[in-house]
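Here the structure is laid out as structure tokens; the discussion comes afterwards.
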Amino acid sequence: MNSTPTRDLVQVRSMIAAHKRRDIAFAVLGFAALTLCFVTFVALFVDMLVDGASRLTADFFTSFASRRAGQAGILAAWVGTFLLMLVTAAVAVPIGVASGLYLEEYAPRNRFTAIIEININNLAGVPSIVYGLLALGMFVHTFGLGASVLTAGLTLGLLILPIVIVATRESIRAVPGMIREAAYALGATRWQMVRHHVLPYSMPGILTGVIIGLSRAIGETAPIVTIGAVTFIAFLPPAPLTAAPPFVSFEWLLSPFTAMPIQIFNWTSRPEVAFQQNASAAALVLVGMTLLMNAIAIWLRYRLRRNLKW
Amino acid sequence: MNTSEHISKQYDADLAALRSRVVEMGGVVEEQFRFAVDALSSGRSDLAEQVVANDRRVNEFEVEIDHDCAHLIAKRQPTASDLRMVLGVSKMVTDLERIGDKARKIARLSAAIRSSGVPDARWLEETHRVADLARGLLRDALNAFVRGELDEAIAVIRAAQGIGRLVNAISGELVRQITQNPSQVAVLLDMMAVTKAVDRVADHAANLAEHLIYIIKGTDVRHATLDQIERETLQR
Amino acid sequence: MASKAPKPDLATLQKKAEARALNFFYGKKQALKNITLPVFDRRVTALIGPSGCGKSTFLRCFNRMHDLYPGNRYDGEIRFFPDDLNLLGADVDPIEVRMRLAMVFQKPNPFPKSIFENVAYGLRIRGVKQRSLLMDKVEEALSSAALWNEVKDRLDEQANNLSGGQQQRLCIARALASEPEMLLFDEPTSALDPIATASIEELIHQLKDKVTILIVTHNMQQAARVSDFTAYMYLGDLIEFGWTDDVFFRPTNKQTEDYITGRFG
């Protein structure tokens, strides 16, 4: 080259320097955004902690709600939420996973299934109160199930169904075609391939979807308020295990109930400061329950993933 | 022989270089033989010495070309017609080197034969004639190689048999002279050696044609009769 | 070099399979055109040809892999011996076909399970449950695949921890475990380094006395080394078929010659 290399080198260097400046600028902005988020969450959490930590006594967990703030507890609420999550999972997981599996592995690819796919994806964005209204009309009145754990569980189950279905489909899609072909080439039927290879490998992903769904459901207030969950309840649903045969009872499904979000909402709307403290404490417990669910899921995923590697 | 081009131009160049080296060696060998026979006919000892000295070049050719063949095989793993070409060339080079050896032998013996005064004009003339025929065969074989012509190769093999008969006549005459003039047996034996050498040159030329048939057709006709050769090669 | 015994006449050799007037269509596109080709029993037959010539398509017809995807159509037959079954018959269950022919793929694809479970899978879906029987057959398969000594102490380890060459041998063991009548190799060494490739080729040589092998390869030298018979395909047509020795020394078809010698442009 005839043009002086030194001049080109200078140009290149200044260009690189300009790009690097932009690089650093973005890093700074990104960090600032992250800090903002982090600080906000920490502030909210600390506020809650400061306000309600003092109320986290054993009594708090074992007492029913009361007009006297100091004696009010979340027993009915957390038991209700727990039972609710059980029913929600029992509804959403089998139906969601089976639907996702069918859509991904068995259904033919035609316009009909494409429409179904679009609809399912859209259902994830429907406001939750709409589910509440649907449940009110269908479960509470038409089926006559009343404002029970079962109704709420079915409602929330429907709510998170799209999330579970989508997560199931995504995880199944992630299974490499080579593994499927290898299984088929050995003489496996479609169900054998799905059962022995696809499902085990997509379990971690499905589990993640289920937990995401349940984490959303645990905090849903609007639908369960709509179907009639009460705020003041001084009894627990009947125990599932009985002393007398047949030793297992399902009466608790049809029992009235309350849930943590409702209790929190109820306490927040009272003027007394003590009730605000109760609300903060209950919110802490709710966050704790959510984290516990996530932890279980992480542990389960870890156990499953230990045996699997692509 | 497959004349279309390889995807690798370098491969084409390697093969072309190999072929041209063989042709070059053939030219040198043909010239050696011609000079040797001329040295015998004309009695020019300087020509004879030149032939003897030049044999070194022929040997160098053989070593080089064989070396190139080995490296071509290692590098390119030739198959089908390319493989037959490389193997065939390696064999041809052996025969060419032998022809060079015969030329040297004729040159070496020519001085002693001439100075003895034994050979008559007839022997010289006949030997020269047969040698010319043999040299013609060599040239035809090399041309057939250059052109890749199967028919020409078969013609060479056929003609070589004719030379064999002529050589038998000459050596028969020499045998008679040996029995009649035993005192000249040393020179006569030298003359016999020259006659045999010319015969061997024709044989080697026929071998070149056989290797060419191998290259073109893939059939090994080294120990087949002419009839078998024609049947084998002209049917497919 | 092999012994100087003359090659047996093709008419006297036993066939394991034979494609007869086989055509294949991906939707409207015809990928195989009227292929008639024998696959001789307990011999290695290689399929060579440039990309897109249909050799993998042809191979995958044998174990009905095309049935897994919509829009594919077979026309013609592949007869399978000794019972003279048409593998492509509409009344023939593809699962049954795949139980008799096993396939090894281009990229090693062991299941993300243990080494033992990989090899045992084929047996499990054939109903073998007894642990001792599984153990025996797994050991046999791994030995046939020249992998037993390397993995016998770590059968419960993840298959993905093995090297590429070992993984491919594991896939071969997996295919062998169910004692297939024919092995289909789809470019089995193209993802492997030269040493792993050589060990797989050696393995093929050992296996061929027991099982018929049909191998697709884009490496011509491999076809020359490994196979008894070679078929050259081009754009869906079968151009030439014959003893590997003949095809590579003296091919009858100029197209074959051009491909083999690298004049294919």
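The values are calculated or read from the model by the stated rules, or taken from the named source; none is laboratory data. Note that this is a predicted model, so its numbers are computed, not measured. FYI the Cβ positions are ideal-geometry reconstructions off the backbone, even for glycines, and counts take in every protein chain you see.
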Matching residues in segment B:76-100 - criterion: being free of Cβ contacts under 8 Å to residues at least 24 places away in the same chain and either part of a helix (DSSP H, G or I) or more than 14 Å from every other protein chain (Cβ to nearest Cβ) (or both): B:Leu83
Residue among A:Ala32, A:Ala17, A:Ala92 that alone is assigned by TED's automatic domain parsing to the domain that holds A:Ala297 and either out of contact with any Gly (no Cβ under 8 Å at 6 or more places or on another chain) or under 30 Å from A:Ile160 (Cα atoms) (or both): A:Ala92
Given (1) among the aliphatic types (A, V, I, L, M); (2) under 23 Å from C:Thr57 (Cβ atoms); (3) within 13 Å of chain A (Cβ to nearest Cβ); (4) in contact with an Asp or Glu (Cβ under 9 Å, 6 or more places away or on another chain), index of the condition C:Ile215 fails: (3)
Breaking point among (1) aromatic (Phe, Trp, Tyr); (2) within 21 Å of B:Lys75 (Cα to Cα); (3) in contact (Cβ under 8 Å) with a residue 12 or more places away in the chain; (4) surrounded by fewer than 20 Cβ atoms within 10 Å (Cβ to Cβ), for C:Phe248: (4)
Every residue from segment B:204-236 that is under 20 Å from the mean Cα position of the chain (by Cα), surrounded by fewer than 16 Cβ atoms within 10 Å (Cβ to Cβ) and assigned to a loop (DSSP other than H, G, I, E, B): B:Asp220, B:Arg222, B:His223, B:Thr225
Total residues in segment B:3-14, condition at the interface with chain C (Cβ under 10 Å from one of its Cβ atoms) and surrounded by 18 or more Cβ atoms within 10 Å (Cβ to Cβ): 2
Test: residue in segment B:43-52 that is more than 14 Å from every other protein chain (Cβ to nearest Cβ), without any contact (Cβ under 8 Å) to a residue 24 or more places away in the chain and hydroxyl-bearing (Ser, Thr, Tyr): no
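Select, from A:Arg169, A:Arg195, A:Arg173, the only residue that is buried (at least 18 other Cβ atoms within 10 Å of the Cβ) and charged (D, E, K, R).
Values: A:Arg195 fails: buried (at least 18 other Cβ atoms within 10 Å of the Cβ); A:Arg173 fails: buried (at least 18 other Cβ atoms within 10 Å of the Cβ).
The unique qualifying residue is A:Arg169.
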Single residue of segment C:58-87 satisfying the filter (free of Cβ contacts under 8 Å to residues at least 40 places away in the same chain and buried (at least 22 other Cβ atoms within 10 Å of the Cβ)) that is nearest to the other protein chains (Cβ to nearest Cβ): C:Met65
Helices (runs of 4 or more DSSP H) enclosed by segment A:145-196 - at least 1 residues per element that are polar (S, T, N, Q), more than 16 Å from A:Gly209 (Cα to Cα) and within 14 Å of chain C (Cβ to nearest Cβ): A:190-193
Criterion: crowded, with 22+ Cβ neighbours inside 10 Å, farther than 17 Å from B:Ala144 by Cβ, at pLDDT 90 or above and touching a Leu at 6+ places or on another chain (Cβ under 9 Å) - qualifying residue of B:Val201, B:Val194: B:Val194
Search result, residues across segment C:228-252 that are among the aromatic types (Phe, Trp, Tyr) and away from every other protein chain (no Cβ under 11 Å): C:Phe229, C:Tyr232, C:Tyr234, C:Phe241, C:Trp243
Of all residues in segment C:221-245 being surrounded by fewer than 18 Cβ atoms within 10 Å (Cβ to Cβ) and touching a residue at least 60 places away in the same chain (Cβ under 8 Å), the one that is farthest from C:Lys55 (Cα to Cα): C:Asp245
Count - residues of segment C:104-150 that are in contact (Cβ under 8 Å) with a residue 24 or more places away in the chain, within 14 Å of chain A (Cβ to nearest Cβ), buried (at least 16 other Cβ atoms within 10 Å of the Cβ) and outside any helix (DSSP H, G or I): 11
Enumerated helices (runs of 4 or more DSSP H) restricted to segment C:195-265, each holding at least 3 residues that are within 25 Å of B:Leu72 (Cβ to Cβ) and aliphatic (A, V, I, L, M): C:220-226
Failed criterion for B:Thr127 (all others in (1) more than 14 Å from the chain's Cα centre (by Cα); (2) over 13 Å from B:Asp38 (Cα atoms) hold): (2)
Members of segment A:40-97 that are in a loop (DSSP other than H, G, I, E, B) and either crowded, with 21+ Cβ neighbours inside 10 Å or hydrophobic (A, V, I, L, M, F, W, C) (or both): A:Leu56, A:Phe64, A:Ala65, A:Ala72, A:Gly73, A:Ile74
Residue match in segment A:245-253 (condition: under 28 Å from A:Ser215 (Cβ atoms) and buried (at least 17 other Cβ atoms within 10 Å of the Cβ)): yes
Filtered residues of segment C:23-63 (kept if of a type in the set (A, V, I, L, M, F, W, C), within 28 Å of C:Thr261 (Cα to Cα) and not in a helix (DSSP H, G or I)): C:Ala31, C:Leu32, C:Ile35, C:Leu37, C:Val39, C:Phe40, C:Val44, C:Ala46, C:Leu47, C:Ile48, C:Cys53
Residues of segment C:161-216 satisfying the condition of being of a type in the set (Lys, Arg), surrounded by 17 or more Cβ atoms within 10 Å (Cβ to Cβ) and touching a residue at least 60 places away in the same chain (Cβ under 8 Å): C:Arg174, C:Lys208
Hits in segment C:74-89 - residues which are of a type in the set (A, V, I, L, M, F, W, C) and part of a strand (DSSP E or B): C:Ile78, C:Phe80, C:Leu85
